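Undergrad: Here's a structure for you.
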């Protein structure tokens, strides 16, 4: 009788622990998905910023080239 109650109590504990571990696993999967999404968003923003910087450099080089040509003509 005592052995049956101990076995039953241990089974209850096992189920609670297993449920807790499953919940942690699900939470971890959610966090990983959010991190991936965040990194993708940051990457997209950085790509956009890179495009703007590259275009700005092109325009500055064009302006500098035009100034150099104007100085050569003077």
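Read-outs: derived from the displayed coordinates by stated rules, not from any lab. Note that this is a predicted model, so its numbers are computed, not measured. Because the Cβ atoms are built from the backbone with ideal geometry, glycine has one as well, and the counts that use them run over all protein chains shown.
Undergrad: I need 62, 1 ordered by Cβ neighbour count within 10 Å, fewest first.
TA: Numbers: 62 10, 1 5.
Least crowded to most crowded, the residues run 1, 62.
Undergrad: Related question: If a/c stays under 1.5 just call it rounded; otherwise compare a/b with b/c (prolate if a/b is bigger, oblate if not). Do that for the range 23-65, with a ≥ b ≥ c from the square roots of the Cα gyration tensor eigenvalues. All intermediate terms of the calculation are to be shown ahead of the outcome.
TA: On the way: a/c = 11.35, a/b = 9.57, b/c = 1.19.
Note, shape of the range 23-65 comes out prolate.
Undergrad: Still on this model: Compute the angle between helix 2-73 and the longest alpha-carbon principal axis of the chain, please, reported from 0 to 90 degrees and rounded to the nearest 10.
TA: Rounded to the nearest ten degrees, it is 0.
Undergrad: Can you give the extra length, in nm with one decimal, that the chain gains between residue 9 and residue 64 once fully stretched, where that is 0.36 nm per residue apart less the Cα-Cα distance?
TA: Values: separation 55, 0.36 × 55 = 19.80 nm, distance 8.14 nm.
Stretched fully, the residue 9-residue 64 segment lengthens by 11.7 nm.
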